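The values are calculated or read from the model by the stated rules, or taken from the named source; none is laboratory data. All values derive from a computational prediction rather than experimental measurement. Backbone-built Cβ (ideal geometry, glycine too); neighbour counts: all protein chains shown.
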Amino acid sequence: MKKKSAFGYVTLTAALSILLVACGGKSTSNNTDSSTAKSVSFSTAYKSSKAAIKGGTLNVAVVTDSPIKGIWSEQYYDDQTDADFMSPAAESLFSTDGSFKFTKDGAATITFDNDAKTATVKIKDNVKWSDGEPVTAQDYLFAYEQVANKDSETQRYTGALQNLEGLTEYHDGKSDSISGFEMPDGPDGKTAVLHFKEMKPSFTQSGNGYFLESAAPYHYLKDVPFKDMAASDKILKTPLFFGPFVMSKIVAGQSVEYTPNKYYYKGVPKLDKVTAEVVSSSSIAAALKNHKYDLALEMPTATYDNWKKISGYTNLGKEELSYTYLAFKVGKFDNDKSVNVLDKNAKMNNKSLRQAMAYALNNDDINAKFYPGGLRTTATTLIPPIFGEFHSDAKGYTLNIKKANSLLDKAGYKKGKDGYRTDPDGKKLTINFASMAGSDAAEAIAQDYIQQWKKIGLRVKLTSGRLLDYNNFYDKVEKDSKDIDVFQAAWGLSSEPSPADLYSEEAPYNMARFVTAENTKLLNDIDSQASLNTAHRVKAFKAWQDYMLDEAYVVPLQYRMAVTPVNNRVKNFNIAYGSDGTQWQDIQVTSASRAK
């Protein structure tokens with residue numbers, strides 16, 4: 001799934017409330033992934049000494065094998081592709097540095113009062129929407145209303161956000177307003193004061209979804225009913241943002257053209273125009289060899305050998321705030337109560353079965369075979385190593401067929417004459433596995449998993465008999481389709497390592513739908529008052545990682561490197577995290593044609 005900006009800001013991820021903050025993971029201009037340093041290393045910046053030309057057009061490829069959903073709203077969008085396409089126009093209210101600490105360089109500043117349990121947000125006076133209207137406290141409030149209104153079709157409403165006083169009551173229809181949102185200078189003012197039930201350890205590190213980092217244009221959208229908001233023309237065709245560029249031409253599902261936002265608070269961008277369009281994973285290498293694009297986002301690392309040495313381009317890379325995972329469906333999401341509900345009788349609600357399926361996979365072999373140069377490494381826990389001391393040194397799951405068979409034998413999954421196991425009640429067991437279509441490697445990896453599971457006597461079939469396109473995959477997963485028992489996907493994370501918004505009882509993104517008292521206890525400890533003490537929080541993180549590995553509701557598979565080819569005519573380009581990285585308004589080109 002979605003969920004990270006390709007450039008300096010990580011704000012679109014922050015809007016998703018999936019916020020993980022690096023501790024000791026500061027990016028530099030020579031960022032190297034420690035887990036792959038022996039095989040490959042990259043710079044995060046391309047430095048050109050050539051003089052820039054005036055204006056010019058930057059052409060961007062976004063690699064995906066599905067059409068753009070095109071939900072141009074930080075409150076309603078749901079996938080990485082939309083985030084990539086929004087990034088030239090959408091911007092967070094707040095900026096962070098390379099260690100994901102708040103700075104004062106953004107559209108607004110935020111300060112905290114632990115005694116009063118408040119956060120004060122001050123929007124800068126010159127911040128305006130692309131139609132020239134000022135961004136106000138009302139716009140910040142409106143973003144909360146979009147997320148929390150019962151009629152909104154958004155997964156942003158999470159347990160973490162409910163730490164804001166009055167948000168639950170507003171969501172449940174018991175109040176027409178959010179009592180914890182104060183506007184001391186009135187709706188048209190520039191100040192908002194947020195009142196929380198508790199102050200959280202993550203508040204100074206991008207907030208971890210406990211508060212929003214986005215605003216929405218109230219003056220523009222106020223007449224659109226919340227139930228119609230995500231599908232309205234004002235969001236799909238003519239969205240407003242306060243970032244560097246304006247979405248001036250949108251071709252549904254395919255491309256976006258951007259022109260400078262003349263009201264941008266940091267000054268008019270230096271480029272005349274930016275274009276971004278969908279390019280399939282099978283054709284992106286040829287497109288780069290033909291020098292069709294200045295840069296490409298979401299490059300398929302499985303085909304790295306096909307594009308790693310294209311003349312005229314420099315490859316930039318960094319450790320991703322993400323991981324690939326395997327999740328087992330064990331329940332449903334109750335939309336009326338906004339909680340996950342565990343089904344004790346679910347097919348996959350057997351820890352031995354889940355553990356056995358994890359032990360059957362040979363991820364080291366997958367990485368070596370399909371991701372050359374160490375661009376993916378076997379994941380050991382659900383907190384990636386980029387998060388420093390919060391990452392546990394647990395070994396995770398590695399190939400062990402003998403142990404997998406033993407687990408299944410002891411749990412009563414007996415093998416028949418056909419070599420396949422029955423369930424503990426003696427009934428035929430067929431497990432439906434969902435995975436996404438993409439590069440040629442996607443099909444090969446899915447089939448490898450199925451063959452590995454066959455080795456331990458499990459009959460596993462692809463959902464719908466094939467890999468699913470991106471949109472269909474997430475539609476089925478999010479709606480708890482009955483033909484999915486286990487699925488493989490990836491989380492793109494932001495900048496604070498608390499996993500509450502991915503795995504709590506109230507989290508829509510907890511798509512395995514597991515709920516246990518112990519998990520709730522461990523998650524609460526990570527974000528507790530006691531965890532304001534870093535040493536306590538480190539222990540809490542490691543306890544949760546150990547628990548998740550043992551229960552195996554969600555099993556980590558791979559950590560990832562992101563590689564971005566950039567044409568050598570591009571100037572001022574840097575993919576480091578935070579304000580250390582490139583800001584769209586600063587990008588320039590040094591010639592009218594791409595370097596070859």
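Name the residue that is nearest to the chain's Cα centre (by Cα), counting only residues in the range 214-240 that are of a type in the set (S, T, N, Q) and closer than 11 Å to Ser73 by Cβ. Selected residue: Ser214.
Residue by residue, here is whether (1) surrounded by 22 or more Cβ atoms within 10 Å (Cβ to Cβ); (2) outside any loop (DSSP other than H, G, I, E, B); (3) touching a Ser or Thr at 6+ places or on another chain (Cβ under 9 Å); (4) at pLDDT below 90 holds:
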| position | (1), (2), (3), (4) |
| --- | --- |
| Leu20 | yes, no, yes, yes |
| Lys26 | no, no, yes, yes |
| Thr32 | no, no, yes, yes |
| Val62 | yes, yes, yes, no |
| Glu74 | yes, no, yes, no |
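If you take the residues in the range 296-343 that are among the small types (Gly, Ala, Ser) and over 25 Å from Asp485 (Cβ atoms), which one is surrounded by the fewest Cβ atoms within 10 Å (Cβ to Cβ)? If we take residues in the range 296-343 being among the small types (Gly, Ala, Ser) and over 25 Å from Asp485 (Cβ atoms), then Ser311 is surrounded by the fewest Cβ atoms within 10 Å (Cβ to Cβ). Taking the listed residues Ala517, Ala562, the one that is at pLDDT below 95 and either crowded, with 22+ Cβ neighbours inside 10 Å or more than 17 Å from the chain's Cα centre (by Cα) (or both) is Ala562, with no other qualifying. All of Asp78, Asp125, Asp131 fail the test of being in contact with a Lys or Arg (Cβ under 7 Å, 6 or more places away or on another chain), assigned to a loop (DSSP other than H, G, I, E, B), modelled with pLDDT of 95 or more and farther than 23 Å from Lys318 by Cβ, apart from Asp125.
Pairs linking a residue in the range 161-189 that is closer than 16 Å to Ala148 by Cβ to a residue that is basic (Lys, Arg) and crowded, with 18+ Cβ neighbours inside 10 Å, with Cβ atoms under 8 Å and 6 or more positions apart or on different chains, are Asn163/Lys200. Candidates in the range 459-473 are the residues that are surrounded by fewer than 18 Cβ atoms within 10 Å (Cβ to Cβ) and in a loop (DSSP other than H, G, I, E, B); of these, the one that is nearest to the chain's Cα centre (by Cα) is Asp469. Taking first residues from the range 455-468 that are under 14 Å from Gly416 (Cβ atoms) and in the same structural domain as Lys403 (by TED's automatic domain parsing) and partners that are modelled with pLDDT of 95 or more and part of a strand (DSSP E or B), the Cβ contacts under 7 Å between residues at least 6 apart in sequence or on separate chains come to Gly457/Lys415; Gly457/Arg421; Leu458/Arg421; Leu458/Ile431; Arg459/Thr430; Arg459/Ile431.
Looking at this structure, is Val538 among the β-branched types (Val, Ile, Thr), within 15 Å of Leu382 (Cα to Cα) and surrounded by fewer than 22 Cβ atoms within 10 Å (Cβ to Cβ)? It is true that Val538 is among the β-branched types (Val, Ile, Thr), within 15 Å of Leu382 (Cα to Cα) and surrounded by fewer than 22 Cβ atoms within 10 Å (Cβ to Cβ).
Would you confirm whether any residue within the range 537-556 is out of contact with any helix residue (DSSP H, G or I) (no Cβ under 9 Å at 6 or more places or on another chain) and without any contact (Cβ under 8 Å) to a residue 60 or more places away in the chain? No, every residue in the range 537-556 fails to be out of contact with any helix residue (DSSP H, G or I) (no Cβ under 9 Å at 6 or more places or on another chain) and without any contact (Cβ under 8 Å) to a residue 60 or more places away in the chain. Out of Pro239, Pro244, one residue alone is in the same structural domain as Gln155 (by TED's automatic domain parsing), in contact with a helix residue (DSSP H, G or I) (Cβ under 6 Å, 6 or more places away or on another chain) and at pLDDT 95 or above. It is Pro244. Only a single item in (1) in contact with an Asp or Glu (Cβ under 9 Å, 6 or more places away or on another chain); (2) in contact (Cβ under 8 Å) with a residue 40 or more places away in the chain is not met by Phe211, and it is number (1).
I'd like to know if the range 406-423 contains one or more residues that are under 28 Å from the mean Cα position of the chain (by Cα), among the charged types (D, E, K, R) and assigned by TED's automatic domain parsing to the domain that holds Trp491. No, there is no match, as no residue in the range 406-423 is under 28 Å from the mean Cα position of the chain (by Cα), among the charged types (D, E, K, R) and assigned by TED's automatic domain parsing to the domain that holds Trp491.
Considering the range 437-458, the residues that are in contact with a strand residue (DSSP E or B) (Cβ under 6 Å, 6 or more places away or on another chain) and outside any loop (DSSP other than H, G, I, E, B) include one that is surrounded by the most Cβ atoms within 10 Å (Cβ to Cβ), namely Trp453.
For every residue, the table says whether it meets (1) closer than 21 Å to Val256 by Cβ; (2) out of contact with any Asp or Glu (no Cβ under 8 Å at 6 or more places or on another chain).
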| position | (1), (2) |
| --- | --- |
| Ala89 | yes, yes |
| Phe94 | no, no |
| Asp125 | no, yes |
| Thr136 | no, no |
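Restricting the range 415-436 to residues that are among the basic types (Lys, Arg) and surrounded by fewer than 17 Cβ atoms within 10 Å (Cβ to Cβ), the residue that is nearest to Glu298 (Cα to Cα) is Lys428. Every condition in (1) in contact with a Leu (Cβ under 8 Å, 6 or more places away or on another chain); (2) modelled with pLDDT of 95 or more holds for Tyr509 except the one numbered (2).
Per the listing Lys318, Lys347, the residue uniquely over 30 Å from Phe573 (Cβ atoms) and charged (D, E, K, R) is Lys347. Every residue in the range 514-530 that is touching a helix residue (DSSP H, G or I) at 6+ places or on another chain (Cβ under 7 Å) and charged (D, E, K, R), please. Selection gives Glu518, Asp525, Asp527.
Every condition in (1) of a type outside the set (D, E, K, R); (2) touching a helix residue (DSSP H, G or I) at 6+ places or on another chain (Cβ under 7 Å); (3) in contact (Cβ under 8 Å) with a residue 40 or more places away in the chain; (4) not in a loop (DSSP other than H, G, I, E, B) holds for Thr158 except the one numbered (4).
Among the conditions (1) over 21 Å from Tyr503 (Cβ atoms); (2) part of a helix (DSSP H, G or I); (3) in contact with a Lys or Arg (Cβ under 7 Å, 6 or more places away or on another chain), the only one that Val147 does not satisfy is (1).
Across the range 565-596, the number of residues qualifying as touching a strand residue (DSSP E or B) at 6+ places or on another chain (Cβ under 7 Å), modelled with pLDDT of 95 or more and of a type in the set (Ser, Thr, Tyr) comes to 1. The set of residues from the range 279-295 being out of contact with any Leu (no Cβ under 8 Å at 6 or more places or on another chain) and buried (at least 20 other Cβ atoms within 10 Å of the Cβ) comprises Val279, Ser281, Ile284, Ala285, Leu288, Tyr293. For Asp483, the conditions (1) assigned to a loop (DSSP other than H, G, I, E, B); (2) in contact with a strand residue (DSSP E or B) (Cβ under 6 Å, 6 or more places away or on another chain); (3) crowded, with 21+ Cβ neighbours inside 10 Å all hold with the exception of (3). In the set (1) more than 20 Å from Tyr265 (Cβ to Cβ); (2) in contact (Cβ under 8 Å) with a residue 60 or more places away in the chain; (3) surrounded by fewer than 17 Cβ atoms within 10 Å (Cβ to Cβ), Leu194 fails one condition alone, (3).
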